[in-house]
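Student: This is the structure I have questions about; it appears just below.
Since every read-out is calculated from the coordinates, none of them should be taken as a lab result. Just so we're clear, the structure is a prediction, and the values are computed from it rather than from any experiment. Positions of Cβ are backbone-derived with ideal geometry, glycine not excepted, and every protein chain shown enters the neighbour counts.
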Amino acid sequence: MIAPRMINRRMIDRRVFLATLAAATLPARAFAAPATLKAGEILRGRFTQDRYLKGFAAPIRSDGSFVLSAGQGLIWRVAKPFATTTVITPEGLVQVANGRELTRLSATRAPFLARLFDVLNAVMAGDWTQVETMFAVTRAPAGGAERLTLTPRRPEDAAASRIQSIAVTIDRFAQDVEIRRADDDYDRLAFVDQTVSAGPLSADEQTLFDSARS
């Protein structure tokens, strides 16, 4: 396991990419009838992530919570094993731990962030055509839910080069996500306690979003 102070730029990019892609699958209803977020609406929930890495006998588990706000962005909080908070907005991202800013990355310095944020906003608006510009999407029934598999259309694209495939099981919202990376490592995420509210954001949540824009 890696303490927050030892997280490097490459690991931050991976975590941000993973968080954004996972969040992009959240507000989707089965069989292409999106459970979209309207302006001002907020999706909150909890997640458990198991990361399977070559050379490790067992997965590395983390858990936490997320806040997805239409028009504002994503707050991805890891509670265990190390508490970190990543905030992604159209302007870029901020990651903090123990009240200390670990990194700040603008969308102009990392264009893939802006591209992924566009995809995230499109899915929240129920427009899967943006997703399908980056990924080929296949659908199959899975009991009372649906299984979506996404594969990059252009593996050489910087925004998709880290990903081999994404598989999502969707009921009203995404229930689980498996993200297989180009290096054959993979992540499995399970989402629970997902609720949509009309807002407002808590003072802490608004402060986090504001800090990512300043």
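Student: Fewest to most neighbouring Cβ within 10 Å: what's the order for ARG180, ARG100?
Tutor: Going from sparsest to densest Cβ surroundings: ARG100, ARG180.
Student: Here's something else I'd like to know. What's the extension gain from ARG153 to ARG109 if we count 0.36 nm per residue and subtract their Cα-Cα distance?
Tutor: That works out to 13.5 nm of additional length.
Student: Calculate, for THR129 and GLU178, the FRET efficiency according to 1/(1 + (r/R0)^6) with r their C-beta to C-beta distance and R0 35 Å; round to the nearest 0.05.
Tutor: It comes out at approximately 0.90.
Student: Consider a paramagnetic label point 7 Å from the Cα of ASP63 along Cα→Cβ; state which residues of segment 173-203 have an amide N under 15 Å from it.
Tutor: Inside the label zone: 189-194.
Student: If you plug each phi of segment 135-145 into the Karplus form 6.51 cos²θ - 1.76 cosθ + 1.60 with θ = phi - 60°, what whole-Hz ³J(HN,Hα) values come out, in order, with x for Gly and Pro?
Tutor: Along segment 135-145, the couplings run 10, 7, 10, 10, 10, 8, x, 9, x, x, 10 Hz.
Student: Ok, one more. Enumerate the calculated ³J(HN,Hα) couplings along segment 164-170 in order (Karplus 6.51 cos²θ - 1.76 cosθ + 1.60, θ = phi - 60°), each rounded to whole Hz, writing x wherever the residue is Gly or Pro.
Tutor: My calculation for segment 164-170 gives 8, 6, 10, 10, 10, 9, 10 Hz in order.
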